[in-house]
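The values are calculated or read from the model by the stated rules, or taken from the named source; none is laboratory data. Remember, it's a predicted structure, so these values are computed and weren't measured experimentally. As a convention, Cβ positions derive from the backbone with ideal geometry for all residues, glycine included, and neighbour counts pool all protein chains shown. Accessible surface is based on the protein model in full, side chains and every heavy atom, while ligands, DNA and RNA are left aside. Shrake-Rupley method; radii C 1.70, N 1.55, O 1.52, S 1.80 Å.
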Amino acid sequence: MSKHQFQTEVNQLLNLIIHSLYSHKEIFLRELISNASDALDKLRYMTLTSEKMKKVKMDPRIDISFDDRNQTTLTISDTGIGMNDQDLVEHLGTIARSGTKNFLEKMTGDAKKDSNLIGKFGVGFYSIFMVSDKVEVISRKAGENKAYKWTSDGKSDYEIEDAEKEEHGTTVILYLKKDEKEFAGRFKIEEIVKKYSNHIPFPVTLHYTEVKSADEKGEKTEARSEQINSVTALWMRPKSELKEKDYNDFYRSITMDTEDPLMHIHTHAEGKLEYTTLLYIPKKAPYDLFFINYQPGVKLYIDRVFITDDEKELLPSYLRFIRGIIDSEDLPLNISRETLQQNRIMANIRSAATKKILSELQNLAKKKEKYTEFYDEFGKALKEGLYHDFPNRELLLDLVRFKSIQNKEYISLDEYKKKMKKGQKTVYYIAGDKEDNLRNSPLLEAYKKEDIDVLLMTDEIDQIVIPSIGTYKDIPIKSVNQSDAADDLKTEKDEKKEKAIDPLIKKIKEQLKDRVKDVKVSVRLNDSPSCVVADKNDPTIQMQQMMRAMGQKGMMDVKPILEINPDHSIIKKMKKITDDKLLSDISNLLFEQAIIAEGGEVKDRVLFAKRLNNVILKAIST
Ligand code: ADP
């Protein structure tokens, strides 16, 4: 017998489960059945692909029994791949999955504990300690002779000793806590299995004793067995036979979600390429949607044999929120991860499935409310597709949504286009990090006055993705933070004004020559005296800030262009200033306030305050 300590992370996870999942205790059974099913999947795959394992008997079964009389134990047995002593230490004493570690960091760090979050996350084997004082796992690995017993009370350590077991596979015995006896009851078990594990593709059999008659001489009982799940691979059944409830039940059995999905997409493709996909869009984004080590949500089957649930390339990464299964007879069973990624059939299935998902999303988009629900959760991920999935860019452009200065709700590019003003030749947008700041930006003044709509882009990814698109249906898309976006607004009158103000511009330029690329007359301002924009092909202030935040420290300051409003009283009065010091202070302040309005930072704050005070003093002295 040997004693072992749990890895620290296991202890953390145990604590977390016990404190945040107590209202969903029953899921421990789902986790055990799902592990048993995985073990059977693995064995089936091995017997089909490995020479050594071909001789192993495959009799796939999951059996549940319990102690009827005292209700103290519950036993779940499978005839799957099994574990040897080393496996027991590795799988039931440590946490290997990087996703789990990430998750634990998030849950145990400063972040508030969120029980919703843990509900979405697969807590696995350790959930049994919510209902058990002690657990025994007796296991024998397929193809090996020795069996082992793992025992733990779920506190801080566990034991492993030699054991006897006739067949390969795993038996888990739960010694139930006093208050959890209900889980050793026939109807309770049936209810939970139907709810979470009905579509497990192996028979789940419940063993119980039925009391036939009872009198003073004693009870007459009979041992009974009953299969309690429906076994068929649901995705292979014709759509006409399946109800919404069947789809939803299956979704809950393959994900950790306790909610129904937003929608499902079920496709049987026949002809040149034969495959079946049953894909789901969840209602809520998975917790790891924006982690590098996200857990992919699509399982690959080949002719109903489970192959992998850990392959990120089954769908494009921007669709990583999709859950479900892909099954094809056309792929070779012994496919490896490397060959899978280069396999032409897989590539075709992937591209067809992607197109299907996008076209279903177009249908969903017709229902505004439902689509908004979807877009709030997954819009950001979808936008990544604009950058990465060139062949589907047109489809994706129809699917992205933005708010705008004229719309508090999302609008599509198509809606924007339809509402463009006569003579408007450009789709305008403004980018930055807060919707409220953007709505109040001085850069929008003229557009507001002219009743031209401007899209608000508040996601970081917008600033990378949108400039890469360039045009929508041949209409150029321009950022109003960029100098040339205002060219369309220019009239002859503006050109006259420009001439009149030329001498002042020269003076300001002289004052600011180290801080700006140019000084120009603005046609986009109304209430504000000045604004800053980026030159045509330069990064905007927001973009530069983002690059720096992402660690690109070496990035040089790209100087912006200062624009001034010739109709503003400050500018009009400036023409008459003869005091050089005052002219310099005001020029610098015009620049600095414009930077601040754009969400930028003024480098020398002390100098800024000094200038401001000088000007204030002048104002109150006269
Ligand atoms: P997960 O199933 O998400 O990987 P678990 O905590 O449920 O996490 O299980 C950890 C590991 O223990 C599994 O990945 C598997 O390797 C092993 N395991 C658990 N139950 C069984 C079983 N019934 N048969 C074989 N291996 C199992």
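Relative to the longest principal axis of the Cα atoms of the chain, the long axis of helix 344-364 lies at roughly 70 degrees. Once the 1.4 Å probe is applied to the protein heavy atoms, segment 2-227 comes out at 50 Å² accessible per residue. Only helical runs count toward this figure. For the chain, summing -39,500 (n - 2.57) over DSSP H runs of n ≥ 4 and dividing by all residues gives -11500 deg cm²/dmol at 222 nm.
Figure legend: label point modelled 7 angstrom from the Cα of Asp580 along Cα→Cβ; residues of segment 499-529 with amide N under 19 Å from it are 503-515. Within a Cβ distance under 13 Å of Asp133, other residues only, what is the Lys/Arg minus Asp/Glu net charge? Residues close to Asp133 contribute a combined charge of +1.
Nearest 5 is fine: what % of DSSP beta bridges in segment 474-577 come out antiparallel, could you say? Percent antiparallel among DSSP bridges in segment 474-577 is about 45. Checking every one of the GluC sites (Glu not before Pro) in segment 121-165 against DSSP loop status and a limit of 10 other Cβ atoms within 10 Å picks out Glu164. Per residue, segment 483-622 exposes 59 Å² of accessible surface when a 1.4 Å probe is rolled over the protein heavy atoms with every protein chain present. Net charge near Phe374, counting Lys/Arg +1 and Asp/Glu -1 over other residues with Cβ under 13 Å of its Cβ? Local net charge: +3. For the set Ile345, Ile322, Ile616, Ile81, the ranking by accessible area, highest first and with no ligand, DNA or RNA atoms included, is Ile616, Ile345, Ile81, Ile322 under a 1.4 Å probe. The figure for Thr471 is an accessible area of roughly 60 square angstrom, using a 1.4 Å probe on the protein chains alone.
Counting only protein heavy atoms and a 1.4 Å probe, segment 234-365 has 44 square angstrom of accessible area per residue. To the nearest ten degrees, helix 605-621 and the longest principal axis of the Cα atoms of the chain are 40 degrees apart.
Spatial offset of segment 421-456 relative to segment 31-90 amounts to 61 Å, using the alpha carbon center of each. Protein heavy-atom surface of the chain, 1.4 angstrom probe: 48% of the accessible area is carbon and sulfur, with nucleic acids and ligands not counted.
With the simple spin-label model, which puts each label point 7 Å out from Cα in the Cβ direction, the Lys370 to Lys473 separation comes to 2.5 nm. A crude spin-label estimate for the pair Leu333 and Lys419, with each label 7 Å from Cα along the Cβ direction, gives 5.8 nm.
FRET efficiency for the pair Asn84 and Leu48, taken as 1/(1 + (r/R0)^6) with r the Cβ-Cβ distance and R0 = 30 Å, rounds to 0.90.
Provide the percentage of antiparallel DSSP beta bridges, counting only those with both residues in the chain; round to the nearest 5. Antiparallel bridges: around 80 percent, rounded to the nearest 5.
The heavy atoms of Thr308 offer some 20 square angstrom of accessible surface to a 1.4 angstrom probe. Restriction of the trypsin sites (Lys or Arg not before Pro) in segment 244-341 to DSSP coil positions whose beta-carbon has at most 10 other beta-carbons within 10 angstrom yields Lys272. Loop-only trypsin sites (Lys or Arg not before Pro) in segment 452-537, please: DSSP not H, G, I, E or B, and at most 12 other Cβ atoms within 10 Å. The qualifying sites are Lys473, Lys513, Lys536. Other residues whose C-beta falls under 9 angstrom from the C-beta of Arg524 contribute a net charge of -2, scoring Lys and Arg +1 and Asp and Glu -1. For the cross-link pairs Lys284/Lys403; Lys473/Lys509; Lys370/Lys449; Lys284/Lys366; Lys299/Lys478; Lys422/Lys513, the ones whose C-alpha atoms lie over 30 Å apart are Lys473/Lys509; Lys370/Lys449; Lys299/Lys478; Lys422/Lys513. Between the C-alpha center of segment 355-372 and that of segment 464-481 there is a gap of 23 Å. Ligands, DNA and RNA excluded, the heavy atoms of Ser230 present near 50 Å² of accessible surface to a 1.4 Å solvent probe. Across the protein chains, with a 1.4 Å probe defining accessible surface, the residues Glu492, Glu166, Glu394 rank Glu166, Glu492, Glu394 from largest area downward.
Converting phi to 3J(HN,Hα) with the Karplus coefficients 6.51, -1.76 and 1.60 and the offset θ = phi - 60°, segment 394-403 yields 4, 4, 5, 4, 6, 9, 7, 10, 9, 8 Hz in sequence order, with x at every glycine or proline. A full extension of the chain between Leu289 and Asp153 corresponds to an added length of 45.5 nm, given 0.36 nm per residue minus the alpha carbon distance.
Percent of C-alpha pairs per 10 Å bin in the chain, short distances first: 3, 13, 19, 18, 14, 11, 9, 7, 4, 1, 0, 0. Relative to the longest principal axis of the Cα atoms of the chain, the long axis of helix 27-49 makes an angle of roughly 80 degrees.
DSSP beta bridges fully contained in segment 372-470 are about 60 percent antiparallel. Place a point 7 Å from Cα of His207 in the direction of its Cβ. Which residues in segment 146-168 have their backbone N less than 13 Å from it? The answer is 166-167, whose backbone nitrogens lie closer than 13 Å to the label point.
Cβ-Cβ distance of Asn348 and Asp303, R₀ of 22 Å, FRET efficiency by 1/(1 + (r/R0)^6): the value works out to about 0.80.
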